[in-house]
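Participant: Starting off with a structure, shown below.
The values are calculated or read from the model by the stated rules, or taken from the named source; none is laboratory data. Values in this document were obtained by computation on a predicted structure and should not be read as measured data. Methodologically, a virtual Cβ is constructed for each residue, glycine included, from the backbone with ideal geometry; neighbour enumeration extends over all protein chains shown. Quick note on the areas: whole protein, heavy atoms, side chains included, nothing else; ligands and nucleic acids left out. Shrake-Rupley method; radii C 1.70, N 1.55, O 1.52, S 1.80 Å.
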Amino acid sequence: MKSIYKISLVALAVVGLTACNQEEKTTTAPEVKLETSAQKQAYSVGASIGKYMSGHIKEQEELGLPVDRSLIITGFSNGLNDELKLTEEEMQTVLQSLDETLNQKRQAQAAALAEKAQAESKAFLEANKAKEGVVTTESGLQYEVLTPGTGEKPAAEDTVEVHYVGTLTDGTEFDSSIARGESAKFPLNRVIPGWTEGVQLMSVGAKYKFVIPAELAYGNRDTGTIPANSTLIFEVELLSIEKASAPTADAAAAK
């Protein structure tokens, strides 16, 4: 969520999760009135902070660190009323320690995922290259022609227009121009090497399936949606080619 507040996790933990006072115990939630600008503004402040914090709390729990939501609510209420049970210096120390622990957990999780992806990728590539219709190039790129095309093929310097779906080897979809409802257009030499090599094999109208090893994709980088060392699978349809402009005589002479 893009909050209107640029608040760090440390500061957010002091502010809290929601503008609810723990001491106010009711059997039903109080009616929320959002009629005036002031009411909407106040609600938006609390909702923005709560929504932002919910993502951090979920991540913390997924990393194996329990979260006491009732104490977060108490802390928020105490902060609003300037009734803190710890000094700001104490809270700063505690929260810096929490951030360090979370970072260590994130790094350990990323390393485990990278190792898992590497093993799974190796097994997947070995099995896939043995399938009928799959061609493996010298670089290690694997492709399969789903629909042949006709006519010209692009060069690396050309701009291509494509529709595509990208998935991990377990079937998780991480990107899709089809889902967005809009084709993608880009210079072919400005994408991952597997794309640059593979799409040059295609003619307009063709549809190929590419299995791209990590070294021809994002390598050991973790992009967030793609773990490090991941083999990627793309189904690509080449819609059009825009040839790169030939250098003018003056430009050529200048070289």
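Participant: Quick one: would you say Glu61 is under 23 Å from Ala108 (Cβ atoms) and either open to solvent by less than 50 Å² (accessible area, probe 1.4 Å) or not in a loop (DSSP other than H, G, I, E, B) (or both)?
Facilitator: The answer is yes for Glu61.
Participant: Sticking with this structure for a sec: For Thr172, indicate whether it is β-branched (Val, Ile, Thr) and free of Cβ contacts under 8 Å to residues at least 12 places away in the same chain.
Facilitator: Details: β-branched (Val, Ile, Thr): yes; free of Cβ contacts under 8 Å to residues at least 12 places away in the same chain: yes.
Yes: the conditions hold for Thr172.
Participant: Now, a different point. I'd like the full set of residues that are out of contact with any Leu (no Cβ under 8 Å at 6 or more places or on another chain), open to solvent by 50 Å² or more (accessible area, probe 1.4 Å) and in contact (Cβ under 8 Å) with a residue 40 or more places away in the chain, limited to region 89-114.
Facilitator: Passing the criteria: Gln92, Gln96, Leu113.
Participant: Kindly provide the set of residues from region 203-226 that are within 27 Å of Glu152 (Cα to Cα), open to solvent by less than 20 Å² (accessible area, probe 1.4 Å) and assigned to a loop (DSSP other than H, G, I, E, B), ordered by number.
Facilitator: If the condition is that a residue be within 27 Å of Glu152 (Cα to Cα), open to solvent by less than 20 Å² (accessible area, probe 1.4 Å) and assigned to a loop (DSSP other than H, G, I, E, B), then Ser203, Ala206, Pro213, Ala217 are the ones that fit.
Participant: Hey, another quick one. Taking region 120-139 as the region of interest, how many residues are surrounded by 17 or more Cβ atoms within 10 Å (Cβ to Cβ) and under 10 Å from Pro213 (Cβ atoms)?
Facilitator: Matching residues across region 120-139 total 3.
Participant: Only one of (1) more than 30 Å from Met53 (Cα to Cα); (2) touching a residue at least 40 places away in the same chain (Cβ under 8 Å); (3) surrounded by 13 or more Cβ atoms within 10 Å (Cβ to Cβ); (4) not acidic (Asp, Glu) is not met by Asn189, so which one is it?
Facilitator: Result: Asn189 fails condition (2) only.
Participant: Of the residues in region 187-216, how many are touching a Ser or Thr at 6+ places or on another chain (Cβ under 7 Å) and not β-branched (Val, Ile, Thr)?
Facilitator: 11
Participant: Further, regarding this structure: Take Pro247 and tell me if it is open to solvent by 70 Å² or more (accessible area, probe 1.4 Å), modelled with pLDDT under 95, assigned to a loop (DSSP other than H, G, I, E, B) and farther than 14 Å from Ile192 by Cα. It would help to see each step written out before you state the result.
Facilitator: Working: open to solvent by 70 Å² or more (accessible area, probe 1.4 Å): yes; modelled with pLDDT under 95: yes; assigned to a loop (DSSP other than H, G, I, E, B): yes; farther than 14 Å from Ile192 by Cα: yes.
Judged against the criteria, Pro247 is a match.
Participant: Give me the residue from region 67-78 that is open to solvent by 40 Å² or more (accessible area, probe 1.4 Å) and either assigned to a helix (DSSP H, G or I) or in contact (Cβ under 8 Å) with a residue 24 or more places away in the chain (or both) and, out of that set, nearest to Ile49 (Cα to Cα).
Facilitator: Arg69
Participant: Within region 227-240, track down each residue that is crowded, with 20+ Cβ neighbours inside 10 Å, at pLDDT below 95 and touching a Gly at 6+ places or on another chain (Cβ under 9 Å).
Facilitator: Of everything in region 227-240, just one residue is crowded, with 20+ Cβ neighbours inside 10 Å, at pLDDT below 95 and touching a Gly at 6+ places or on another chain (Cβ under 9 Å), namely Asn229.
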